[in-house]
Structure formats: C-alpha cells, structure tokens
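The values are calculated or read from the model by the stated rules, or taken from the named source; none is laboratory data. Quick caveat, the model's predicted, so the values are computed rather than measured. Heads up, the Cβs are rebuilt from the backbone with ideal geometry, glycines too, and the neighbour counts pull from every protein chain shown.
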Amino acid sequence: MLPRMMHAAAITNEVHHPTSRLKSAHPRIIHHVQRIAVLRANGVGDLVVTLPALESLRAAYPLAAITLLGVRPHEELVDAIGPVDEVVIVPPYPGVSIQPEELDGPAEDYAEFVKRMRERRFDVAVQMHGGGRFSNGLIVDLGARWTVGFRTPDAPPLDICLPYVFYQNEVMRYLELVGLIGVRPVTWQPRLRPGRRNLAESHRVVPETPEPLVVVHPGCGGVRRRWPANRFAVVADGLAARGANIVVIGAAGEEHLVDAVVRRMSYPALACAGRLSLGGAAGLLTRATMMVASEGGLLHVGVAAGAATVGIYSAPGFAMFAPFDRANHRVQISWRNACPECGTPPAPAEHYWNGAAAGCAHEVSWVEDVSIEEVVDAATDLWATAQPARSA
C-alpha cells in the first residue's frame, strides 16, 4: 500500500519533535504522519464503538494509511469500515487476542508479526484495547514514532496516555483518546457501509420481498445478557401481524436459539443461523427496517448499519454501549444487580462480561426482568415511525 501524506487541522500545542515525550492528556498534533496503526483485537461490538473515533482520525489525517490490528472476524467487515485501509490479524498474544492464561508468553509467530509491522515504520500506534496491562507492551513493540493509548496504574507507559476508567460510554472513550493527537470529532454515530459483495451475499440468503424486513437476533456472547427465546417469538409475531417479513439470525453455534424463536412463532419466519458472514449480516441489516436483539455484537452492527433497533441491555451495557439517540433506537434496560437464582452480587466491573457472577455458577439470564410488554410497546412505537420512513 502506498503511504499517504499527513494533513491535520491545527488545534493547540503542536508536537515539534518526537523526543519531547509528554505523558499527559493535553491535546497536541503530530506532524508528518503517513502510517497509523490502531489496535482493537476483540469483539465485533467492541470494534463498532470505535468507528466514530476512526472516522474522526481519518478526517484529521486524511492521507495517512490506517491499519487496524484486529482479529479474523474484522476481515469480514473490512469493506464496510470506511476509515480503515486494511485489517492485519494479531497473532496469539496473552491478554490481547487470547486470554492471559492461554500462553506463558507470545507465540512464535508474534516475532514475525512484530518484524513485519516494524518494517512499515508506523508514525503513530494507537492502543484502543483496554487499560494497557497487556496491550501497551504490544504497542511499544511496533516501534512507532509515537504511541498513544490508555493506561491503568499497572500498565506500561506510552508516549501519550489517557487514564483508563472502566465505566464510560465507549464511543466517547475513543473520541476522547484520539483527541489527544489533535483529532476533532466528526460524528458520534457508528457507521458501517457494506459494499456490493456484502449486499449480494445478504440477497442470496434473504431474497427481497415487498414487506418491510425485521431482523431478530436472540443470541449474544453470554447467557446472562440473553433475553429468552420465547419472548422474542412474541415480539416477532406482533411485528409480523403488522406486515413485517421476519428473519431470525444467529452465528454458527446459535442454531438452537434461532430455531427456538421460529418454532414458537405463529407467523412464518426465516431461520438464518450460521448462513451469513459478518459482512453479509451487515448487508442484511442495511436493508432492515428494524432489528430486535439482545445486547451483543450484532445489535451494535445493526445500529451502525442503519437499522432502527430495539435492544435489551444490562445496566452496565446500557451505560457503556447503548446508542445515543431515541428517534431510531429504543433501549430496554434490566436493572437487576444480583443473580436471580441465588442472589449473589455481580462480579467486579472489569470481569462483568466474563461468565456468571463472582462465586456463582448459575448460567441464567440476568435480563429476564425486562418484560414482554415493555419490548412489544417499544417495537410497536418504533415501527410506527421507522416503517413509513423506509417505505417512502
């Protein structure tokens, strides 16, 4: 890939020389930037919430090549991620692309990865992968002129650091981070732009029909954030009665959840588990009038693809990941703060999404207290405004 020349809108406190390392949160621009690396090697929803920051980074440095250091599913979305020029897969690295306990140290192919990345001579490497206890070491290994990222007290330092505090809206977290290198926000809305290949795949699996398309996704990364399948069936039937074409989607391995929804419905619906790539799912959601889903990666893809959404969120998920606007997105929140089986309180914040509650082995939904009536009312209300806009 040909390097691009840097251009940035001036703000304050220019950086004139890379030797003036300031471990601070004061905004400053970096000049002569041709190549930028961004580390975000985790879930799909985690990537989606960085998109406004990536768009803003692109606007500030429009001629720089931006490389996303990510994971395999991100490759399926590369055509839809406008600000990113390429995705490079991060090899197994404890605490980043795999769990810390899975390897004593980086795998053998990590050395080759570092060698290839150093040959690119990145001007800026941005760590968007948590508090930095593990990821800051990887960023430093890249050998970039400048390193920027988050830091908890136990993390190695970077050239420009922002304190990492767990509870913060994730979109604003990354906009704040890139602001440290002179990047002004250009949007707060995550946006995916699926290309022809993504749309063609979605049409092969889900042909066009005259009826408005509603996508239902009952799965998510963990049982505790999963709303019951029988309730999704009731909501889907209500929308089908109003003229919607219902498609129930899921990743490979979620067939049982998708089938459970379709079997319980009175109206016909298309079961579509494991039949779409991530890019194809983004293409489908670009065509959708509405999405109804549990909090998870595909719900975030739906928001970014432009579908109106009704999402069922845990309280921490609402605080950190829910979309900002309510014209197109309705959030139904579970305020439960203890295991519904045994009353055990939740895990510490940093472990919230990793399994069940601390000291509790119950694999049960923590969002079941969100009622069918709440979700039906939200979906019906949103349908009244979303459906005419799509059919205009």
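Points worth noting:
- Within segment 233-246, residues that are farther than 19 Å from E374 by Cα have Cβ atoms under 8 Å from residues that are among the acidic types (D, E) in these pairs: G243/E211; A244/E211; N245/E211, counting only partners at least 6 apart in sequence or on another chain.
- Single condition R116 does not satisfy, out of (1) part of a loop (DSSP other than H, G, I, E, B); (2) closer than 23 Å to V33 by Cα: (1)
- Looking across segment 151-187, just one residue is touching a Lys or Arg at 6+ places or on another chain (Cβ under 8 Å) and under 22 Å from V44 (Cα atoms), and that is Y164.
- Residues of segment 75-112 classified as touching a Pro at 6+ places or on another chain (Cβ under 9 Å), of a type in the set (D, E) and part of a loop (DSSP other than H, G, I, E, B), total: 1
- Being surrounded by fewer than 17 Cβ atoms within 10 Å (Cβ to Cβ) and at pLDDT 90 or above holds for only one residue in P91, P62, P83, and it is P62.
- Number of positions in segment 140-163 that are buried (at least 20 other Cβ atoms within 10 Å of the Cβ) and under 19 Å from Q99 (Cβ atoms): 1
- For segment 144-180, the tally of residues that are in a loop (DSSP other than H, G, I, E, B) and touching a residue at least 24 places away in the same chain (Cβ under 8 Å) stands at 12.
For (1) outside the structural domain of D369 (by TED's automatic domain parsing); (2) surrounded by fewer than 20 Cβ atoms within 10 Å (Cβ to Cβ); (3) among the aliphatic types (A, V, I, L, M), each residue gets a yes or a no:
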| site | (1), (2), (3) |
| --- | --- |
| N230 | no, yes, no |
| V247 | no, no, yes |
| A251 | no, no, yes |
| A293 | no, no, yes |
| A304 | no, no, yes |
| H329 | no, no, no |
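- Segment 101-141: number of residues that are of a type in the set (S, T, Y) and within 22 Å of P163 (Cβ to Cβ): 1
- Put simply, of A260, A240 the only residue that is more than 20 Å from the chain's Cα centre (by Cα), over 24 Å from V364 (Cα atoms) and part of a helix (DSSP H, G or I) is A240.
- Considering only residues in segment 217-231 that are part of a helix (DSSP H, G or I) and touching a helix residue (DSSP H, G or I) at 6+ places or on another chain (Cβ under 6 Å), the one that is farthest from T309 (Cα to Cα) turns out to be N230.
- Sole exception among (1) buried (at least 24 other Cβ atoms within 10 Å of the Cβ); (2) without any contact (Cβ under 8 Å) to a residue 40 or more places away in the chain; (3) part of a helix (DSSP H, G or I) for F318, by number: (1)
- Selection status of A293, touching a residue at least 60 places away in the same chain (Cβ under 8 Å), within 16 Å of the chain's Cα centre (by Cα) and not in a helix (DSSP H, G or I): yes
- Scope segment 181-200; condition part of a helix (DSSP H, G or I) and surrounded by fewer than 21 Cβ atoms within 10 Å (Cβ to Cβ); matching residues: R196, R197, L199, A200
- A361 falls short of the stated requirement of being assigned to a loop (DSSP other than H, G, I, E, B), of a type in the set (A, V, I, L, M) and either at pLDDT 95 or above or more than 16 Å from G222 (Cα to Cα) (or both).
- Meets criteria (on the phi < 0 side of the Ramachandran plot, touching a Phe, Trp or Tyr at 6+ places or on another chain (Cβ under 8 Å) and at pLDDT below 95) for P52: no
- So L68, is it buried (at least 22 other Cβ atoms within 10 Å of the Cβ), part of a helix (DSSP H, G or I) and in contact (Cβ under 8 Å) with a residue 12 or more places away in the chain: no
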